[in-house]
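The values are calculated or read from the model by the stated rules, or taken from the named source; none is laboratory data. The model shown is predicted, which means the values in this text are computed figures rather than measured ones. FYI the Cβ positions are ideal-geometry reconstructions off the backbone, even for glycines, and counts take in every protein chain you see. Ligands, DNA and RNA are stripped out before the accessible areas are found, and what is left, the full protein with its side chains, is counted by its heavy atoms. Shrake-Rupley method; radii C 1.70, N 1.55, O 1.52, S 1.80 Å.
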Amino acid sequence: MIGDVNFYLNNHYEPHEAELEVMIAEDGFSGKGIATEVLKLMMHYAVNDVGVTDFVVRIKDTNAASIHIFESKLGFEETERSSAFNEVTLRRKVTDDLKSDLEKWIANSTRVTYTQK
């Protein structure tokens, strides 16, 4: 395992909002596009299988690489900055354009279904 990706449905006021997290922890794997790819897959799953309508991320304001992924590659926009927590909040609503992008992004992926034995 080189890292992890998660989303949480933890906003009681917006039950269809998912907070995304990604981490590439192993040396030598950062900067290879892995985080971007896994986020695209996770977003597709969240929208199509869970019914997510909004995404939010909170990133340390010094983590330029993560901010770049979410803004430049995934279309998120900055909505808040917290000097108390030294973090940036970025958001993206699920629109028809995003749904179309998600379909294009995962076009070469194969979905694997796991079953319990």
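If you go through segment 49-60 and pick out every residue that is open to solvent by less than 60 Å² (accessible area, probe 1.4 Å) and in a loop (DSSP other than H, G, I, E, B), you end up with 2.
Go through the residues of segment 97-113 one by one and say whether even a single one is within 11 Å of the chain's Cα centre (by Cα) and surrounded by 11 or more Cβ atoms within 10 Å (Cβ to Cβ). Within segment 97-113 (the criterion being within 11 Å of the chain's Cα centre (by Cα) and surrounded by 11 or more Cβ atoms within 10 Å (Cβ to Cβ)), the answer is no, since none of the residues qualifies. Of all residues in segment 51-69, those being in contact (Cβ under 8 Å) with a residue 24 or more places away in the chain, within 20 Å of ILE2 (Cα to Cα) and not β-branched (Val, Ile, Thr) number 2.
One line per residue, one yes/no per condition, for (1) aromatic (Phe, Trp, Tyr); (2) modelled with pLDDT of 95 or more:
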{"position": "PRO15", "(1), (2)": "no, no"}
{"position": "GLU26", "(1), (2)": "no, no"}
{"position": "PHE29", "(1), (2)": "yes, no"}
{"position": "THR36", "(1), (2)": "no, no"}
{"position": "THR53", "(1), (2)": "no, yes"}
{"position": "LYS60", "(1), (2)": "no, yes"}
{"position": "ILE67", "(1), (2)": "no, yes"}
{"position": "THR79", "(1), (2)": "no, yes"}
{"position": "THR110", "(1), (2)": "no, no"}
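One line per residue, one yes/no per condition, for (1) over 11 Å from the mean Cα position of the chain (by Cα); (2) in a helix (DSSP H, G or I); (3) more than 24 Å from SER109 (Cα to Cα); (4) hydroxyl-bearing (Ser, Thr, Tyr):
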residue	(1), (2), (3), (4)
GLU26	yes, no, no, no
SER30	yes, no, no, yes
HIS44	no, yes, no, no
ALA65	yes, yes, yes, no
GLU78	yes, no, yes, no
PHE85	yes, no, yes, no
ARG91	no, no, yes, no
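Scanning for something surrounded by 15 or more Cβ atoms within 10 Å (Cβ to Cβ), β-branched (Val, Ile, Thr) and in contact (Cβ under 8 Å) with a residue 40 or more places away in the chain, does segment 72-92 turn up at least one residue? No; the residues of segment 72-92 include none that is surrounded by 15 or more Cβ atoms within 10 Å (Cβ to Cβ), β-branched (Val, Ile, Thr) and in contact (Cβ under 8 Å) with a residue 40 or more places away in the chain. Of all residues in segment 93-112, those satisfying the criterion of being of a type in the set (A, V, I, L, M), assigned to a loop (DSSP other than H, G, I, E, B) and either within 16 Å of LYS60 (Cβ to Cβ) or touching a residue at least 24 places away in the same chain (Cβ under 8 Å) (or both) are VAL94, ILE106. Contact map, segment 21-50: first residue touching a residue at least 40 places away in the same chain (Cβ under 8 Å), second residue in a loop (DSSP other than H, G, I, E, B) and open to solvent by 80 Å² or more (accessible area, probe 1.4 Å), Cβ cut-off under 9 Å, separation 6 or more or different chains; pairs are VAL50/LEU9; VAL50/HIS16. LEU20: under 11 Å from the mean Cα position of the chain (by Cα), among the aliphatic types (A, V, I, L, M), under 19 Å from VAL88 (Cα atoms) and not in a strand (DSSP E or B), yes or no? No: the conditions fail for LEU20.
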